[in-house]
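The values are calculated or read from the model by the stated rules, or taken from the named source; none is laboratory data. Bear in mind the structure is a predicted one, so any value in this text is a computation, not a measurement. All Cβ positions, even for glycine, are placed from backbone atoms using ideal geometry, and neighbour counts span all protein chains on display. When the accessible area is computed, the model is the full protein with side chains, heavy atoms only, and any ligands, DNA or RNA have been set aside. Shrake-Rupley method; radii C 1.70, N 1.55, O 1.52, S 1.80 Å.
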Amino acid sequence: MDILQRRRHAALDFNNPGDHLTPAMQIRNEATSTLTEGANPTIAPFNTGLNGVNQPMNLLFRDTLWLSMGAVAIVVLGVRIIELSWAKLRLLSAMSIPGDRQHFWKVKQWSWMPGVKRNLIYAPLWNKRHNREIRLSSAINMGTLPSRLHSVLLALYLASNLAYMFILNWGNENKYSFLAELRGRSGTLAMVNMVPLIILAGRNNPLIGLLQVSFDTYNLLHRWMGRVVVFEVLLHLIAWAVVQVADNGWAGVKEKTLNDRFIGSGMVGTATLVLIMILSLSPIRHAFYETFLNTHIILAFVSFGATWVHCVTATIEGGLPQIPWIIGIFSVWIAERLARMFRLAYCNWSRARGTTTAFVEPMPGETCRVTLSLPRYVDVQPGTHAYLRFSGVRSWENHPFSIAWVEHTTEDELLPISEKDVGAGTSRSFSVKKPVATSVSFVIGAQSGFTRKLYDHAVAGTADLRRPGITIRAAFEGPYAGHHSLDSYGTAVLFCGATGITHQISYLRHLVEGYADGTVATRRVVLVWIVRDFESLEWIRPWMDAILRLPRRKEILHIKLFVTRPKNPREMASASRSVQMFPGRPNIPMLLAKEVHEQQGAMCVTVCGPGGLADDVRHAVRGCQRERGTVIDFVEESFTW
Ligand SMILES: Cc1cc2nc3c(=O)[nH]c(=O)nc-3n(C[C@H](O)[C@H](O)[C@H](O)COP(=O)(O)OP(=O)(O)OC[C@H]3O[C@@H](n4cnc5c(N)ncnc54)[C@H](O)[C@@H]3O)c2cc1C
Ligand SMILES: NC(=O)c1ccc[n+]([C@@H]2O[C@H](COP(=O)([O-])OP(=O)(O)OC[C@H]3O[C@@H](n4cnc5c(N)ncnc54)[C@H](OP(=O)(O)O)[C@@H]3O)[C@@H](O)[C@H]2O)c1
């Protein structure tokens with residue numbers, strides 16, 4: 001019988017799981033039973049080691065849980081491959097034809113698709129609310145609600161964990177033996193869940209790019225996995241403590257906690273995990289995000305260290321079977337940290353050009369426009385963001401910001417015309433432009449922490465009022481994300497609120513340039529930007545000027561600017577038919593209905609900005625999904641912590 005078969009048989013044999021143990025498991029069991037000789041035989045053996053633990057079934061559930069997670073990943077990968085192939089096909093076939101001839105792509109979809117989009121893929125849990133935060137007061141933020149698809153996945157994950165946890169030998173008459181089985185199961189499942197918990201926590205998680213699932217979604221899964229792990233670890237502790245108290249009383253629990261490294265490390269691990277969960281409750285996390293983040297990392301490190309000690313100090317020959325898993329967890333964690341350090345070092349230092357500097361300009365509306373000069377060429381795609389650090393502004397903190405604008409510096413490089421000219425010093429060479437450095441720009445709105453400090457620093461440090469701003473040392477870690485390409489859509493409608501423009505403007509330039517070069521299928525781009533006041537336009541003025549000067553821009557780009565609290569309504573004159581200004585908030589369903597009416601090719605609607613705006617746009621897109629209707633996709637750039 002191979003190991004897997006043996007596990008399956010043993011797992012189903014509740015009364016004699018030991019009959020099917022592998023030789024290694026048998027040695028461990030024998031080792032632990034000799035340790036408990038002389039004690040109460042119905043209690044003592046069951047507070048330590050693998051006595052009473054149904055290890056074959058534990059391992060079966062480990063395999064099942066990991067395999068089911070792997071299966072979900074493979075399904076997502078399959079869907080992504082189909083989506084990407086479809087988008088590539090659409091791009092290749094529509095790239096060279098006018099918008100009104102992209103009719104096939106405008107209507108071609110399976111009849112069930114609009115229903116699936118409306119009721120599952122783009123649906124909030126219920127009604128309309130998804131990313132608008134639930135606030136009990138201005139200080140108490142309860143976070144956001146997962147989408148319907150996310151809720152289904154989370155429900156499946158929670159239900160499977162619950163089922164695996166409680167498929168136990170409920171007929172066991174020795175309750176201490178039953179508790180040992182529960183202890184083994186809960187401990188095993190906690191460790192099984194810890195592996196994906198750590199993989200999904202990193203911003204360098206390779207699954208983000210591979211499955212094209214956002215860090216936001218992985219963060220949501222990470223939070224729920226963390227809750228499950230803490231629940232399982234607590235059950236593990238309780239199942240042990242009940243047997244221990246029955247055997248030796250609370251004095252025995254205290255004695256073992258203080259003097260037995262195996263139990264002591266287990267206690268430390270449990271305590272740190274419970275503390276992590278308390279500190280990550282939404283109101284605390286949102287109110288003190290930086291403190292939460294730092295303590296979270298330190299406590300997570302302590303809890304993994306304690307778990308490692310717990311595994312290796314078990315009174316079982318060779319330690320607990322979970323040792324390789326905890327080694328895996330540490331390796332993933334260290335690899336992620338190294339990846340961040342590598343990115344930081346690579347982007348911010350070059351032998352030829354030294355290190356990164358930033359020019360920070362204070363802007364109206366308590367905002368900064370920040371331009372980082374990177375000392376080397378970095379390829380930055382539209383829709384990406386980066387984590388920034390500034391010297392003298394809480395230098396230990398780093399925060400994510402969307403990359404709004406990118407410029408590359410080039411140098412002429414002389415290349416020889418033929419092999420004979422190499423090193424011959426002849427004039428037979430030709431010159432090519434080689435990108436050698438990159439500048440990346442951001443718009444950063446002042447909140448109350450790091451961003452406020454940055455703004456205050458820029459205002460206080462301004463010496464020359466004709467050119468307000470300061471130059472400081474900075475560090476760029478990125479670019480991250482950027483896996484949503486709009487190139488294959490005939491129509492792109494981009495909504496944004498306030499600083500959300502940073503995300504959208506990177507697409508604007510790319511699509512307008514692509515249209516002029518004939519490299520995209522896009523024939524109509526509509527930007528809907530909602531700002532509080534007219535001065536906010538200053539944030540992006542130089543970039544917008546550059547976009548408005550791009551060749552053939554008027555044929556494709558339409559800008560609708562909504563100013564919700566204009567100080568002077570007379571400023572609201574529309575510059576042209578393609579750049580229009582309106583007072584107040586837009587009527588999003590009406591605006592979208594008009595775009596659907598004028599739709600060319602497939603349409604993508606994207607949004608970046610306040611949660612309420614994103615929910616309204618999502619609602620309007622769902623309202624446009626009709627059977628026999630046109631193809632309308634939706635992408636929300638959001639981040640929920
Ligand atoms: C992918 C992405 C792109 C972003 N792009 C921009 C942008 O282009 N321009 C812009 O002005 N803002 C952007 N933000 C928001 C920006 O990251 C936060 O406003 C900033 O981190 C707040 O820092 P603070 O210390 O001043 O926050 P606080 O005043 O302490 O908190 C304000 C809010 O920001 C949240 N927050 C705090 N620290 C972080 C953090 N490290 N990461 C995420 N959220 C945090 C808090 O939970 C709170 O809800 C982006 C966020 C994400 C996730
Ligand atoms: N990549 C990213 O994830 C990314 C990038 C950049 C920014 N951001 C986020 O974008 C957000 C910008 O928010 P902010 O606080 O700066 O914006 P804000 O000032 O609260 O709102 C900006 C504008 O949007 C309008 N608005 C708000 N809700 C609306 C709705 N439901 N329908 C129509 N208009 C609406 C507001 O109108 P009123 O004046 O009527 O309220 C205001 O004019 C921040 O949360 C920032 O973190 C995210």
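Things to note:
- Cα-Cα P(r), the chain, percent of pairs per 20 Å interval: 16, 42, 29, 12, 1
- Sum of side-chain charges, ASN141 neighbourhood, beta-carbon under 9 Å (Lys, Arg +1; Asp, Glu -1): +1
- Taking all Cα pairs closer than 8 Å and separated by 6 or more residues, the relative contact order of segment 185-249 comes to 48 percent.
- Rough spin-label spacing in nm, given labels placed 7 Å along Cα→Cβ, for ALA155 and VAL312: 4.4 nm
- FRET E, pair THR42, ASN119, Förster distance 45 Å, beta-carbon r, rounded to 0.05: 0.25
- Each Cα pair under 8 Å and six or more residues apart adds its separation to the average, and for the chain the resulting relative contact order is 16 percent.
- Proportion of all alpha-carbon pairs of segment 417-556 beyond 28 Å (%): 40 percent
- The distance from the alpha carbon centre of segment 552-602 to that of segment 346-403 is 31 Å, rounded to a whole number.
- The separation of segment 305-322 from segment 210-249, counted between C-alpha centres, amounts to 18 Å.
- Prolate is the label for segment 214-320. Its Cα gyration tensor axes, ordered a ≥ b ≥ c, give a/c of at least 1.5 and a/b above b/c.
- Computed FRET value (nearest 0.05) for ALA163 with ILE134, which takes r as the C-beta separation and R₀ as 35 Å: 0.70
- Taking the 1.4 Å solvent-accessible surface of the chain as the whole, the part contributed by carbon and sulfur is 61%.
- Annotation note: chymotrypsin sites (Phe, Trp or Tyr not before Pro) in segment 48-127 located in DSSP loop regions with a Cβ neighbour count of at most 16 within 10 Å are TRP110, TRP112, TRP126.
- For the listed peptides 612-618, 314-320, a ranking on the average number of other beta carbons within 10 Å per residue, highest first, reads 612-618, 314-320.
- Sum of -39500 (n - 2.57) over DSSP H runs of 4+, divided by residues of the chain (222 nm, nearest 500): -16000 deg cm²/dmol
- The convex hull defined by the C-alpha atoms of segment 347-411 has an orientation-averaged projected area of 5.4 nm².
- Magnitude of the charge dipole for the chain, about its Cα centre and with charges confined to Cβ atoms of Lys, Arg (+1) and Asp, Glu (-1), is about 1880 debye.
- Length gained when the stretch GLN447-MET572 is fully extended (0.36 nm per residue, less Cα-Cα span): 42.2 nm
- Label separation (PHE330 vs ASP464): 5.4 nm, computed from points 7 Å beyond Cα along the C-beta direction.
- Extreme residue, positive dipole direction of segment 80-178, given options GLY171, SER85, ALA159 (C-beta unit charges): SER85
- Taking each residue as 0.36 nm, the span from ILE297 to ALA352 lengthens on full extension beyond its C-alpha to C-alpha distance by 16.3 nm.
- D (Stokes-Einstein, µm²/s), Kirkwood Cα radius, segment 62-166, 0.890 mPa s at 25 °C: 140 µm²/s
- Surface per residue (accessible, 1.4 Å probe) for the chain, Å²: 48 Å²
- Cα-only radius of gyration and Dmax that characterise segment 133-178, units Å: 18.7, 54
- For the peptides 385-397, 187-199, the ranking by packing is 187-199, 385-397, with the highest mean count of neighbouring Cβ atoms within 10 Å listed first.
- Rounded to the nearest 20, the Cβ-based charge dipole of segment 472-530 about its Cα centre (Lys and Arg +1, Asp and Glu -1) stands at 140 debye.
- Contour minus Cα-Cα distance for SER395 and GLU255 (0.36 nm per residue): 45.9 nm
- The distance from the alpha carbon centre of segment 119-167 to that of segment 323-342 is 29 Å, rounded to a whole number.
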